[in-house]
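Report on the following structure.
The values are calculated or read from the model by the stated rules, or taken from the named source; none is laboratory data. Quick caveat: nothing in here was measured; it's all calculated off a predicted structure. When we count neighbours, we look across all protein chains shown, and the Cβ atoms used for this are built from the backbone with ideal geometry, even at glycine. Remember, those area values only see protein heavy atoms, side chains included, never the ligands or the DNA or RNA. Shrake-Rupley method; radii C 1.70, N 1.55, O 1.52, S 1.80 Å.
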Amino acid sequence: MPQLPPVEYAVAVDRYLAASGLGAGSRRIYRIALDTWAWALADRPAPAGPDRRRAEPPVLPLALLDHPDCAGRLRTAVARRSTGTDPRTLNRELSTLRAAVSWWRAQGWIRTDPAEGLRPRPLPGPEHGPGPLTAEQLRALFALRVPLREQLLWHLLHESGAPVETVLALDVDDLDLPQRRTRPPAPPLTWQAGTARLLPLHLAGRPTGPLLLTDRRAPATTPAADRCPHTGRARLSYRRAAELFTTHAPGHTLRRLRQR
């Protein structure tokens, strides 16, 4: 028996993610992106920083996506966020919205595509910023005496070429260690000898939970998907990972570890 169309945007998001076949980490990233667009549809700026994950998005009717003003609201939101958001992040969030809207239309829940006119933001070229770290810079970086977690994150970012957000969203059971790759439905990543050497040392027998953890126990409000069931620690955030990297490698950013 077919499901009745959801009334609320948030319920439509829940159903889309449940049917997506994505892993827990990827569903978490998709939900953050789709919640961000809820703020845009309400003509309100999304919370920034750590508050973004904890804030409850506004309650909206799904039918708002069929309103003639919806496309304009989204264009305004994209323009507003493009001034302070990395274009890769913004483009990923646009792609997430398009995928959800396409699925909702296929279910017959909405008729129009308010994201149709939205285009990916141009990515900065070499003239707009530094490129990847050189071989000499990488050797110096990997020779630093830093905690095992940082060594693993840096090697995995470099060898997989994956976005930082994707790596931080990985769970232990997403990994196929013998084959040096992720298992479906996690995003398809592969790695090389450096990461393969560090992973068993880092995991220390942990079969489940987030791959990369904070140093402290997670607050009681932390979602179960972002808490390690064995140590009680939380998933490492982008903000903290970036802070640690710039502490050890002043003048560089995590994104420069990716191979182009």
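Leu175's amide H: which non-local residues (gap 5+, or another chain) put their own amide H closer than 5 Å, with H modeled 1.01 Å from N in plane and none for Pro or chain starts?
HN-HN under 5 Å from Leu175: Arg183.
Computing the accessible area with a 1.4 Å probe over protein heavy atoms, can you report the carbon and sulfur percentage for the chain? Intermediate values should be presented prior to the final figure.
Numbers: 7520 of 13890 Å².
Here carbon and sulfur together make up 54 percent of the probe-accessible area.
Rank Pro58, Pro87, Pro219 by mean-square fluctuation in a GNM of the chain with C-alpha springs under 10 angstrom and give only the top-ranked residue.
Most flexible of the set in this elastic network: Pro219.
Amide H to amide H, which residues 5 or more places from Glu8 or on other chains are under 5 Å from it, using H placed in the peptide plane?
For Glu8, whose amide H was placed from the backbone, the distant partners under 5 Å are Leu62.
Under a Cβ-Cβ cut-off of 14 Å, what is the net charge of the residues other than Ala106 that fall near it, where Lys and Arg count +1 and Asp and Glu count -1?
Once all neighbours under 14 Å are counted, the net charge is +3.
To the nearest 20 debye, what charge dipole does the chain have about its Cα centre, counting +1 at the Cβ of each Lys and Arg and -1 at the Cβ of each Asp and Glu?
480
Packing-wise, with mean Cβ within 10 Å as the measure, how do 103-115, 21-33 rank, highest first?
Highest mean packing first, the order is 21-33, 103-115.
Protein chains only, probe 1.4 Å: how do His67, His158 rank by accessible area, largest first?
Greatest to least solvent exposure: His67, His158.
Pick out which of Pro223, Pro178, Pro188 has the largest mean-square fluctuation in a Gaussian network model of the chain, springs linking Cα atoms closer than 10 Å.
Of the options given, Pro178 has the highest mean-square fluctuation.
Karplus couplings for region 18-23 from phi (6.51 cos²θ - 1.76 cosθ + 1.60, θ = phi - 60°), rounded to Hz, Gly and Pro as x?
5, 8, 6, x, 6, x
Rounded to whole Å and sorted largest first, what semi-axes of the equivalent ellipsoid does the C-alpha gyration tensor of region 141-203 yield via the square root of 5 times each eigenvalue?
Values: eigenvalues 69, 30, 21 Å².
Whole-Å semi-axes of the equivalent ellipsoid: 19, 12, 10.
Report, please, the projected area of region 119-260 averaged over directions, based on the convex hull of its C-alpha atoms, in nm².
One quarter of the hull surface, i.e. the mean projection, equals 10.0 nm².
Rounded to whole Hz and in sequence order, give me ³J(HN,Hα) for region 85-92 from the Karplus expression 6.51 cos²θ - 1.76 cosθ + 1.60, θ = phi - 60°, writing x for Gly and Pro.
Calculated HN-Hα couplings, in order: 10, 4, x, 5, 5, 5, 5, 5 Hz.
Roughly how many Å² of Phe142 are accessible to a 1.4 Å probe, to the nearest 10?
60
Using just the helices of the chain, give the 222 nm mean residue ellipticity in deg cm²/dmol: DSSP H runs with n ≥ 4 each add -39,500 (n - 2.57), and the total is spread over all residues, rounded to 500.
Value at 222 nm, helices only, nearest 500: -13500 deg cm²/dmol.
Let me test this: with uniform point scatterers at the alpha carbons of the chain, what is the Debye-based log₁₀ I(q)/I(0) at q = 0.07, 0.08, 0.09, 0.13 1/Å?
For the chain at q = 0.07, 0.08, 0.09, 0.13 Å⁻¹, log10 I(q)/I(0) is -0.27, -0.36, -0.46, -0.93.
Could you order Val11, Val101 so the one with the most accessible surface comes first? Probe is 1.4 Å.
Val11, Val101
Heavy-atom accessible area per residue, the chain, 1.4 Å probe: how many Å²?
About 53 Å² of surface per residue is accessible.
Quote the accessible area belonging to Leu201 in square angstrom, nearest 10, computed with a 1.4 Å probe and with ligands, DNA and RNA left uncounted.
Counting only protein heavy atoms, Leu201 exposes about 110 Å² to solvent.
What GluC sites (Glu not before Pro) in region 97-205 are in a loop by DSSP, with at most 14 other Cβ atoms within 10 Å of the Cβ? Mind dumping the intermediate values first?
Working: sites: Glu116, Glu127, Glu136, Glu150, Glu159, Glu165; in loops: Glu116.
Passing both the DSSP loop test and the Cβ count: Glu116.
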